[in-house]
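Visitor: Quick one: this structure, given as structure tokens, is what I'll be asking you about.
The values are calculated or read from the model by the stated rules, or taken from the named source; none is laboratory data. Here the structure is a predicted model, which means the values were calculated and not measured. Cβ atoms come from the backbone with ideal geometry, glycine included; neighbour counts cover every protein chain shown.
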Amino acid sequence: MNYEIQPHNAKPASIWNSGGARYNEISRGIADSIEHCVLRLDPQPGERVLDLATGTGWTSRVVAKRGSQVTGADISADLLSFAAEQARAENLDINYQLGDAENLPFADGAFDAVISTCGVMFASRPEAAAAELGRLCRKGGRICLTTWLSEDNVFRMFMVMKPFMAPPPDPAPPSPFEWGRTERLEELLGRDFELAFEKGVSFYREPTAEAAWERFAGGYGPTKALAASLDEDRRAALRRDFIAFHAQFSTPLGICVPRGYWVTRGIRR
């Protein structure tokens, strides 16, 4: 079996790569939801844990500090490079591996637990990614996912960007926000896992709405790649609309955007 990045995922890989080391600043903005997910996974010392779509490795580092044997996999080589560098700086022994969530280079049942924090939901082919979760998690093992709610503020942020994007192919690919509905999570994962759900809210804070634009245009692949694809006028319009969206959440100290998500815990049947 070929475990390279599949051709249909080459473009998504380049988009996520574009965030580079600055993607870690995006992870900082969801650190509260990552802690929630790790708490519900409850990784134990010595357990083999996969952090799928690890990005710059924030979740993998949290899990490794619990004493688990952690592997981080991602479609983006550039994000993994930063993750490995950061793990070394923190004296954490984490194995990072380039991997396509729909076709991963690990044996059946290789992991006691799999975690993915706002990651696997962006897989191009959800059914294939869900099947991989079932394949990789041993019987009696567990998964824990955070996925943004289907019509909450992260979805609304993407709707701000949508008018500036190229028209989708026909048929359009599935929306990642389908993972924000428990009915869809049951469809994808219910055959292999006994599922339970818990809602959470992550609070994204910045000094200003303009700082949110700088953060996302500099480090979040989908926003950075989109901005880079636009002419000067369209980029200025995207910046204006992005800032206006975040300015709705002003406080006396800056901005604070509540972003709802599901934590899904699954026990492998």
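Visitor: Give the residues of the range 148-170 that are out of contact with any helix residue (DSSP H, G or I) (no Cβ under 9 Å at 6 or more places or on another chain), within 21 Å of L230 (Cα to Cα) and not in a helix (DSSP H, G or I), sorted by residue number.
Guide: Matches in the range 148-170: P167, P168, P169.
Visitor: So is D108 of a type in the set (D, E), at pLDDT 95 or above and surrounded by 18 or more Cβ atoms within 10 Å (Cβ to Cβ) or not?
Guide: On the way: of a type in the set (D, E): yes; at pLDDT 95 or above: yes; surrounded by 18 or more Cβ atoms within 10 Å (Cβ to Cβ): no.
Against the criterion (of a type in the set (D, E), at pLDDT 95 or above and surrounded by 18 or more Cβ atoms within 10 Å (Cβ to Cβ)), D108 does not qualify.
Visitor: Any chance the range 143-152 includes a residue that's touching a His at 6+ places or on another chain (Cβ under 8 Å), at pLDDT 95 or above and more than 21 Å from D241 (Cα to Cα)?
Guide: Kept after step one, since they are touching a His at 6+ places or on another chain (Cβ under 8 Å), are these residues of the range 143-152: 146.
Filter once more, keeping what is at pLDDT 95 or above: 146.
Next, from what is left, pick out any that are more than 21 Å from D241 (Cα to Cα): 146.
Yes - at least one qualifying residue is present in the range 143-152.
Visitor: Among the residues of the range 213-238, count how many are under 24 Å from G254 (Cβ atoms) and within 21 Å of the chain's Cα centre (by Cα).
Guide: Selection size over the range 213-238: 12.
Visitor: Find all pairs meeting these conditions: Cβ atoms under 6 angstrom apart; at least six residues apart or on different chains; first residue within the range 62-74 and at positive phi; second residue assigned to a loop (DSSP other than H, G, I, E, B).
Guide: Sorted first by the residue in the range 62-74, then by its partner, the pairs are G67/P45.
Visitor: Could you check, for the range 239-253, whether at least one of its residues is closer than 30 Å to L189 by Cβ, exposed (fewer than 15 other Cβ atoms within 10 Å of the Cβ) and not small (G, A, S)?
Guide: no
Visitor: What number of residues within the range 188-210 are in contact with a helix residue (DSSP H, G or I) (Cβ under 9 Å, 6 or more places away or on another chain) and free of Cβ contacts under 8 Å to residues at least 40 places away in the same chain?
Guide: Qualifying residue count, the range 188-210: 1.
Visitor: Still on this model: From the set of residues in the range 24-38 that are under 22 Å from D93 (Cβ atoms) and without any contact (Cβ under 8 Å) to a residue 40 or more places away in the chain, which is farthest from the chain's Cα centre (by Cα)?
Guide: Start the filter on the range 24-38 by keeping residues that are under 22 Å from D93 (Cβ atoms), which leaves 24, 27, 31, 34-35, 37-38.
When the remaining residues are screened for being without any contact (Cβ under 8 Å) to a residue 40 or more places away in the chain, the result is 27, 31, 35.
Numbers: S27: 9, A31: 12, E35: 14 Å.
Only one residue tops the list, namely E35.
Visitor: While we're on this one: Would you be able to tell me the number of residues in the range 172-227 that are surrounded by fewer than 16 Cβ atoms within 10 Å (Cβ to Cβ), touching a strand residue (DSSP E or B) at 6+ places or on another chain (Cβ under 8 Å) and in a loop (DSSP other than H, G, I, E, B)?
Guide: Count: 2.
Visitor: Additional query: Only one residue in A87, A77, A13, A21 is surrounded by fewer than 22 Cβ atoms within 10 Å (Cβ to Cβ), of a type outside the set (S, T, N, Q), farther than 22 Å from R142 by Cβ and touching a Lys or Arg at 6+ places or on another chain (Cβ under 7 Å). Which one? Spell out how you get there, then give the answer.
Guide: On the way: A77 fails: touching a Lys or Arg at 6+ places or on another chain (Cβ under 7 Å); A13 fails: touching a Lys or Arg at 6+ places or on another chain (Cβ under 7 Å); A21 fails: touching a Lys or Arg at 6+ places or on another chain (Cβ under 7 Å).
Result: A87 is the single residue among A87, A77, A13, A21 that is surrounded by fewer than 22 Cβ atoms within 10 Å (Cβ to Cβ), of a type outside the set (S, T, N, Q), farther than 22 Å from R142 by Cβ and touching a Lys or Arg at 6+ places or on another chain (Cβ under 7 Å).
Visitor: Only one of (1) assigned to a helix (DSSP H, G or I); (2) closer than 19 Å to N24 by Cα; (3) of a type outside the set (V, I, T); (4) out of contact with any helix residue (DSSP H, G or I) (no Cβ under 8 Å at 6 or more places or on another chain) is not met by A236, so which one is it?
Guide: Checking A236 against (1) assigned to a helix (DSSP H, G or I); (2) closer than 19 Å to N24 by Cα; (3) of a type outside the set (V, I, T); (4) out of contact with any helix residue (DSSP H, G or I) (no Cβ under 8 Å at 6 or more places or on another chain), the one that fails is (2).
Visitor: Condition first: at pLDDT 95 or above, touching a strand residue (DSSP E or B) at 6+ places or on another chain (Cβ under 7 Å) and not aliphatic (A, V, I, L, M). Can you find one or more residues in the range 62-69 that meet it? Break it down into steps so the answer makes sense when it comes.
Guide: Restricting attention to the range 62-69, the residues satisfying the condition of being at pLDDT 95 or above are 62-69.
Filter once more, keeping what is touching a strand residue (DSSP E or B) at 6+ places or on another chain (Cβ under 7 Å): 63-64, 68-69.
Checking which are not aliphatic (A, V, I, L, M) leaves us with 68-69.
Yes, that holds for at least one residue.
Visitor: Could you tell me which residue of the range 162-196 is nearest to L133 (Cα to Cα), considering only residues that are hydrophobic (A, V, I, L, M, F, W, C) and within 18 Å of the chain's Cα centre (by Cα)?
Guide: Step one: filter the range 162-196 for residues hydrophobic (A, V, I, L, M, F, W, C), giving 164-166, 172, 177, 179, 185, 188-189, 193, 195-196.
Then keep just the ones that are within 18 Å of the chain's Cα centre (by Cα); that gives 177, 179, 185, 188-189.
Values: F177: 18, W179: 14, L185: 12, L188: 10, L189: 8 Å.
Ranking the qualifying residues of the range 162-196, first place goes to L189.
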